[in-house]
Amino acid sequence: KMTFRLTHRFQGPLNDSGIGDLFGLDDGAQMGFEFRYGLVKGGQLGFLRTNNKTIELFGQYSLIRQGGFPFDVSARVGVEGTNNFQDSYSPSVGAVISRRIGEVAAVYLQPTWVNNTNTLPKEVVDDNDSINLGIGTRIRIRPTVYLIAEVTPRLSGYKPGTNQATFGIEKRAGGHMFQMNISNGFAMMPASLARGTFGTDNWYLGFNLARKFY
């Protein structure tokens with residue numbers, strides 16, 4: 001089995017962009033392409049590249065499944081590299097913890113340790129790693145429509161700026177999932193999430209399109 005996902009985060013702030021700028025769409029976008037392949041049962045390998053030429057290679061493996069336990073737990077490891085994976089590597093190790101609440105909702109926690117998150121020279125660095133905690137939820141409001149929300153506070157280490165948060169709505173159609181969202185930043189990978197975002201004054205329109213192949 002495999003899946004791919006396309007992401008867009010338009011760079012014009014909604015509060016500064018009206019219909020004349022098509023609510024930020026005229027200001028360009030940060031885009032990403034992600035591909036995952038189920039190599040073994042419960043395990044997957046993945047690739048994510050954004051148009052700022054940062055690439056993340058990652059793997060995830062399911063350790064505990066909900067049913068015999070009250071939640072799912074998966075281990076996740078990855079490494080990011082800038083300049084098409086030629087410079088500035090940031091490895092990460094974490095877990096994905098989730099719980100389904102009937103057919104109505106799901107909640108997610110993703111604690112992650114990330115190395116090499118401080119972009120300053122080594123000679124002036126006090127903290128060069130971070131611990132992120134991704135927190136998310138999905139709530140079904142119609143048979144194929146969901147509301148989503150997520151925030152990624154940094155618990156320790158290097159944590160400048162503001163925590164990134166996203167709100168959105170999703171529509172499923174067969175193996176396709178389309179999401180419209182609003183967020184206060186453009187980060188999609190552990191190291192960029194650890195580096196924080198601009199603040200809570202500006203919010204940006206975005207969308208994701210995902211497709212599963214069974």
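The values are calculated or read from the model by the stated rules, or taken from the named source; none is laboratory data. Keep in mind it's a predicted model, so treat the numbers as computed, not measured. Counting neighbours? That spans all protein chains shown, and the Cβs are built from the backbone with ideal geometry, glycine included.
Selection within the range 34-52: residues that are of a type in the set (Lys, Arg) and modelled with pLDDT of 95 or more. The member of this set that is farthest from Ser192 (Cα to Cα) is Arg36.
Here's the yes/no breakdown for (1) within 15 Å of Arg76 (Cβ to Cβ); (2) in contact with a Leu (Cβ under 9 Å, 6 or more places away or on another chain):
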residue: Ser90; (1), (2): yes, no
residue: Ile101; (1), (2): no, no
residue: Gln110; (1), (2): yes, yes
residue: Asn115; (1), (2): yes, no
residue: Thr144; (1), (2): no, no
residue: Leu147; (1), (2): no, no
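The lone criterion from (1) closer than 24 Å to Leu147 by Cβ; (2) out of contact with any Asp or Glu (no Cβ under 9 Å at 6 or more places or on another chain) left unmet by Tyr108 is number (2).
Within the range 52-105, which residues are of a type in the set (D, E, K, R) and outside any strand (DSSP E or B)?
At the first step, the residues of the range 52-105 found to be of a type in the set (D, E, K, R) are 53, 56, 65, 72, 76, 80, 87, 99-100, 103.
If the condition is that a residue be of a type in the set (D, E, K, R) and outside any strand (DSSP E or B), then Lys53, Arg65, Glu103 are the ones that fit.
Out of curiosity, is Val151 surrounded by fewer than 18 Cβ atoms within 10 Å (Cβ to Cβ) and either under 15 Å from the mean Cα position of the chain (by Cα) or closer than 29 Å to Phe178 by Cβ (or both)? Walk me through it before giving the result.
Numbers: surrounded by fewer than 18 Cβ atoms within 10 Å (Cβ to Cβ): yes; either under 15 Å from the mean Cα position of the chain (by Cα) or closer than 29 Å to Phe178 by Cβ (or both): yes.
Here the answer is yes, as Val151 does meet what is asked.
Gly161: surrounded by fewer than 18 Cβ atoms within 10 Å (Cβ to Cβ) and either more than 25 Å from Phe207 (Cβ to Cβ) or free of Cβ contacts under 8 Å to residues at least 60 places away in the same chain (or both), yes or no?
For Gly161, the condition - surrounded by fewer than 18 Cβ atoms within 10 Å (Cβ to Cβ) and either more than 25 Å from Phe207 (Cβ to Cβ) or free of Cβ contacts under 8 Å to residues at least 60 places away in the same chain (or both) - is met.
Against the conditions (1) among the hydrophobic types (A, V, I, L, M, F, W, C); (2) crowded, with 21+ Cβ neighbours inside 10 Å; (3) farther than 22 Å from Gly78 by Cα, Trp203 satisfies every one except (2).
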